[in-house]
Amino acid sequence: MEHTWVHSTPYAALPPYAVIGGHDSDGTPIYVGRSFHEGENLPAKVIPSKGCAYVAYGGQEHQKTHYEVLVGQGFAWVGSGGGAIPPNAVRSGTTRQGEPLYVGRGHYSNSLTVGKVHPSHGCLYVPFGGQEVRINTYEVLIYQRHDTWVPASPGYTPPNAVIAGHDSDRTPIYAGRAMHEGEMLPSKVVPSKGCAYVCFGGYEFQKPTYEVLTGYGYVWVRPPPHGIPPNAVTTGRTRSGEPIYYGRGHYQGSLTPGLISSRQRCLYIPYGGREIRIDSYEVLCRQ
């Protein structure tokens, strides 16, 4: 999978949708980049406030004034270690011997720093304080092109299911969807109750057949004053062709997911047998 890397130079404006990688020890943001060094295209930590990027190579940290910045949406960080690489990992390039190098990050000296995952070395290397620092437990940057909805059942919640909130008794609720009256609607999946719930036409409906959203890189955000964020998650379309968005809101001590009506600018949730309207809500989005 080819990603979009945009050339940049010291103190140039960051390109739109630059991917944030972490933060420096002083809290300033670090972005994901790459830069050539000794014939290899290495992952780089890009720190706009310092006017340059940094790579790790040969035991040392090297400043780079010509580099590229990764841009786009749909990226996420996945925990790993020991040289392991998850599916859909983002690659910066290869070594001169042809081994792939992947974008990773790790905690070091109060920073969360971007560096290179070198699989055959079994670790992440980050550039820091003039040195190439080895970190054995780290995160790897991955890319998810599509939302993944997995069939589930009362006895089976798939791995990496996205948590959407909690019920009034604090039991977890997962993000799901289920078909009802010809529409694939957002559902609240409550494994402890053995089913999912959707709302439609003023009522709450139990659904024994449903799917659960899985994966990484999802965030909950407040919607802008007029409209829906461009990276909002949809479960499908209404019969009239309008997208159906996934949201959540607080009600009766719960944090419950449901259906966002973009026309009415509100959220509808299934609760206590009824369809409840909520005017203050969050939208599920891809990072």
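The values are calculated or read from the model by the stated rules, or taken from the named source; none is laboratory data. Since this is a predicted model, take the numbers as computed values, not measurements. Cβ placement follows ideal geometry from the backbone for every residue including glycine, while neighbour counts extend to all protein chains displayed.
Among the candidates E132, E211, which residue alone is outside any loop (DSSP other than H, G, I, E, B), surrounded by fewer than 24 Cβ atoms within 10 Å (Cβ to Cβ) and in the same structural domain as G22 (by TED's automatic domain parsing)?
Result: E132 is the single residue among E132, E211 that is outside any loop (DSSP other than H, G, I, E, B), surrounded by fewer than 24 Cβ atoms within 10 Å (Cβ to Cβ) and in the same structural domain as G22 (by TED's automatic domain parsing).
Can P87 be described as of a type outside the set (A, V, I, L, M) and either touching a Ser or Thr at 6+ places or on another chain (Cβ under 6 Å) or in a strand (DSSP E or B) (or both)?
So P87 does not fit the description; no.
Only one of L101, L141 is buried (at least 20 other Cβ atoms within 10 Å of the Cβ), under 30 Å from Y245 (Cβ atoms) and touching a residue at least 40 places away in the same chain (Cβ under 8 Å). Can you tell me which?
Of L101, L141, the one residue that is buried (at least 20 other Cβ atoms within 10 Å of the Cβ), under 30 Å from Y245 (Cβ atoms) and touching a residue at least 40 places away in the same chain (Cβ under 8 Å) is L141.
Would you pick out the residues in region 166-176 that are part of a strand (DSSP E or B) and small (G, A, S)?
Matches in region 166-176: A175, G176.
Among the residues of region 177-195, what is the count of those that are part of a strand (DSSP E or B) and either touching a residue at least 40 places away in the same chain (Cβ under 8 Å) or of a type in the set (D, E, K, R) (or both)?
Of the residues in region 177-195, 8 are part of a strand (DSSP E or B) and either touching a residue at least 40 places away in the same chain (Cβ under 8 Å) or of a type in the set (D, E, K, R) (or both).
For residues in region 151-165 being surrounded by fewer than 17 Cβ atoms within 10 Å (Cβ to Cβ) and assigned to a strand (DSSP E or B), which is modelled with the highest pLDDT?
Within region 151-165, the match that is modelled with the highest pLDDT is I163.
Does I30 fit the bill of being assigned by TED's automatic domain parsing to the domain that holds S111 and in contact with a His (Cβ under 7 Å, 6 or more places away or on another chain)?
Yes; evaluated as a whole, the condition is true for this residue.
Pull up region 250-287, narrow it to residues that are touching a Lys or Arg at 6+ places or on another chain (Cβ under 9 Å) and of a type in the set (D, E), then point me to the one that is surrounded by the most Cβ atoms within 10 Å (Cβ to Cβ).
E282
Is it the case that some residue within region 9-19 is modelled with pLDDT of 90 or more, in contact with a helix residue (DSSP H, G or I) (Cβ under 8 Å, 6 or more places away or on another chain) and assigned to a loop (DSSP other than H, G, I, E, B)?
No, region 9-19 has no match at all.
Yes or no, residue by residue, for (1) within 17 Å of the chain's Cα centre (by Cα); (2) in contact (Cβ under 8 Å) with a residue 60 or more places away in the chain; (3) surrounded by 12 or more Cβ atoms within 10 Å (Cβ to Cβ):
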| residue | (1), (2), (3) |
| --- | --- |
| P15 | no, no, yes |
| I20 | yes, no, yes |
| G58 | no, yes, no |
| G72 | yes, yes, yes |
| T94 | no, no, yes |
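For P224, which of the numbered conditions (1) surrounded by fewer than 20 Cβ atoms within 10 Å (Cβ to Cβ); (2) in contact with a strand residue (DSSP E or B) (Cβ under 7 Å, 6 or more places away or on another chain); (3) closer than 23 Å to F75 by Cα fails to hold?
(2)
Just one of I30, I20 is aliphatic (A, V, I, L, M), farther than 14 Å from K116 by Cα and touching a Gly at 6+ places or on another chain (Cβ under 6 Å); which is it?
I30
For the subset of region 231-280 comprising residues that are hydroxyl-bearing (S, T, Y) and not in a strand (DSSP E or B), which member is modelled with the highest pLDDT?
Looking at residues that are hydroxyl-bearing (S, T, Y) and not in a strand (DSSP E or B), I get S280.
Any residue in region 200-208 that is outside any loop (DSSP other than H, G, I, E, B) and crowded, with 24+ Cβ neighbours inside 10 Å?
So far as region 200-208 goes, no, none of its residues is outside any loop (DSSP other than H, G, I, E, B) and crowded, with 24+ Cβ neighbours inside 10 Å.
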